[in-house]
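Notes to accompany the following structure.
Quick note: the coordinates plus some simple rules give every number you see, no bench work behind them. What you are looking at is a predicted structure, and each value in this text was computed from that prediction instead of being measured. Cβ placement follows ideal geometry from the backbone for every residue including glycine, while neighbour counts extend to all protein chains displayed.
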Amino acid sequence: MLYQAYELTHAALAPYRAMSQFVEYMNASIYNPVSYTPMGKSISAACSVFNSITKRYGKPKWGISETIQGGKSLHIHIETVHSTPFCDLIKFQKQQSPKQSTTDPKVLIVAPLSGHYATLLRGTVSAMLPDHNVYVTDWHDPRDIPLSAGDFDLEDHVDTLIDFIQFLGPDVNIIAVCQPSVSVLAAAAIMAEDNDPCQPKTMTLMGGPIDTRVNPTAVNRHAEKHDLSWFKQNVISHVPYPHPGAMRSVYPGFLQLSGFMAMNLDRHVDAHVGLYNHLVDGDGDSADQHRSFYDEYLSVMDLPAIFFLQTIDVVFKNHKLAKGEMMHRGRAVDPSKINKTALMTVEGENDDICGVGQTSAAHALCSQLKSSQKIEFVQPGVGHYGVFNGRRWREETQPKIAKFIQAQK
């Protein structure tokens, strides 16, 4: 009923939002003398904040149309090269010579299936594009996937990654951002045990929960505090009509967003107060930066319920991968089988979601790899999102990953 109540609330707010948009337009119009007065600016600003809080946010655009390579601007065309009911494998195709295209290392960036769309990695992709052929897992919103497509659990997640790796071939380098680090490591282990000819050349795990017993955060403690029945009763719902995925069991995006916001509620309240003040003061640049950030942050998707619950059980409550107890299709997942795929881990010094040490725990699990095939890196001064976005990512972390990929011949 919670999902239905959320949809009804949106519907009930629709006429008020329409009225607010009209009032904002009238009080911001250059043809209205009131718009130049403090009262007009205040009314317009208040309506703008109300509209931004109550509107429905869809999937953001990638907004990547070009990159710079060798001092030249190259056009970027995004195309879907492989697809499953739950995910598209997309390529950021550069307009360049065939020779250059074949020499750039092939990189698969595995986006987290944890609430936000893959577009959250816009900065990650942009930094990798100049010198790499970049592919990204673009997960679909389960509320748009009919029940006839079946369910999607943690094992399906691993299978999807193996499928994409095999599609791209043996020279691919994988970068897992946050949550999919577990599935990427599991996929590499399974492919290694099978001596799969398409084993990835490298894998880079960034801010991922390989072993949440190490340096646990508030997120880890919350998962351990409640049993699975609590999560089923409190956060799982069914997609309502008329969405294509009606009656699919999901962890709704709006509930995930509530959790994200609650972690730093004061910061978000201050940010919206700041938006109001910037609009009143006529500071358009700061207001645009605020809107740009929240257009992405407030755009969330549902998660398949079974995938979410299995992740809580396997990764956060029972630490099965770290303890050597994770199973996949009846087989034990053994990272010690990995001997061809070089490993790099990246962590943020101030990460309050995935504590330092949780990702680098992968090195001990991959015991067959030589020291020359392993790199641990902790980026000073960044939190969770700074691991894969922002100035430090562009100037310090990404160059280290690029060097690591180039070094593994």
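What number do you get for the range 329-368 when its Cα radius of gyration is normalised by 2.2 N^0.38 Å, N = residues?
Cα Rg divided by the expected 2.2 N^0.38 Å: 1.41.
Full-extension gain between Ser367 and Arg331, please, as 0.36 nm times their residue separation minus the C-alpha to C-alpha distance.
11.0 nm
Going by a ≥ b ≥ c, the root eigenvalues of the Cα gyration tensor, does the range 169-215 fall in the rounded group (a/c under 1.5), the prolate group (a/b larger than b/c) or the oblate group? Please list the in-between numbers first.
On the way: a/c = 3.49, a/b = 1.81, b/c = 1.93.
The shape class here is oblate.
Please rank Leu298, Leu113, Leu228, fewest neighbouring Cβ atoms within 10 Å first, as an exposure proxy.
Numbers: Leu298 20, Leu113 27, Leu228 12.
Going from least to most buried by this count: Leu228, Leu298, Leu113.
Based only on other Cβ atoms within 10 Å, what is the fewest-to-most ordering of Met344, Met191?
Met191, Met344
Let a ≥ b ≥ c be the square roots of the eigenvalues of the Cα gyration tensor of the range 94-200; is it rounded (a/c under 1.5), or, if not, prolate (a/b larger than b/c) or oblate?
It is oblate, given that a/c is not under 1.5 and a/b is not larger than b/c.
Would any residue of the range 339-374 have its amide N under 11 Å from a label point 7 Å out along Cα→Cβ of Ala218? List them or say none.
Zone members listed by number: 352-353.
Longer than 22 Å from Cα to Cα, which of Lys59/Lys403; Lys59/Lys91; Lys340/Lys403; Lys72/Lys374; Lys106/Lys374 are they? Say none if no pair is.
As for pairs spanning more than 22 Å Cα to Cα, those are Lys59/Lys403; Lys72/Lys374.
Just report the Cα centroid separation between the range 174-247 and the range 346-372, whole Å.
With the range 174-247 and the range 346-372 each reduced to a Cα centre, they are spaced 16 Å.
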